[in-house]
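Report on one structure; see the data block that follows.
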Amino acid sequence: MNDTTETQDETPPTSDEFQVSQPGNINPEVLQNISVTLSIEVGRTNIKIKDLMRLTQGSVVELDRIAGEPLDLLVNETVVAQGEVVLVNDRYGIRLTRVVPSTDRLQSL
């Protein structure tokens, strides 16, 4: 299949899909199809470039988080929950232990 055919299969959203169901509301079907980036943060640190350039295989970088502290679950770089690492069929996962209330998330925007 050529690029033109593939592009034609993906029909752009119609104006009806963007119509609000009630004033001030967005059609939930449109929202549910928006992709977001989900990431887990173990910790952070600040490092000088000269120290960064000295890192080699086996180097250890100390992070700001204490062992055993919950990890942050971020959606588009906004913390939405915290949890602990679990194994799911030989893959890492996260068990949520705390969900940030939506009012708190909105304040951080």
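The values are calculated or read from the model by the stated rules, or taken from the named source; none is laboratory data. Computed from a prediction, not measured in an experiment: that's the story for all the values here. Methodologically, a virtual Cβ is constructed for each residue, glycine included, from the backbone with ideal geometry; neighbour enumeration extends over all protein chains shown.
Things worth noting here:
- In this entry, residue 69 passes the filter for residues that are out of contact with any Leu (no Cβ under 8 Å at 6 or more places or on another chain) and closer than 14 Å to residue 96 by Cα.
- Qualifying positions in segment 34-43 - of a type outside the set (Asp, Glu), surrounded by 10 or more Cβ atoms within 10 Å (Cβ to Cβ) and without any contact (Cβ under 8 Å) to a residue 40 or more places away in the chain: 38, 39, 42, 43
- From the list 56, 45, 11, the one residue that fits, being part of a loop (DSSP other than H, G, I, E, B), more than 20 Å from the chain's Cα centre (by Cα) and modelled with pLDDT of 95 or more, is 56.
- All positions within segment 48-103 that are of a type in the set (Gly, Ala, Ser) and surrounded by 10 or more Cβ atoms within 10 Å (Cβ to Cβ): 81, 83, 93
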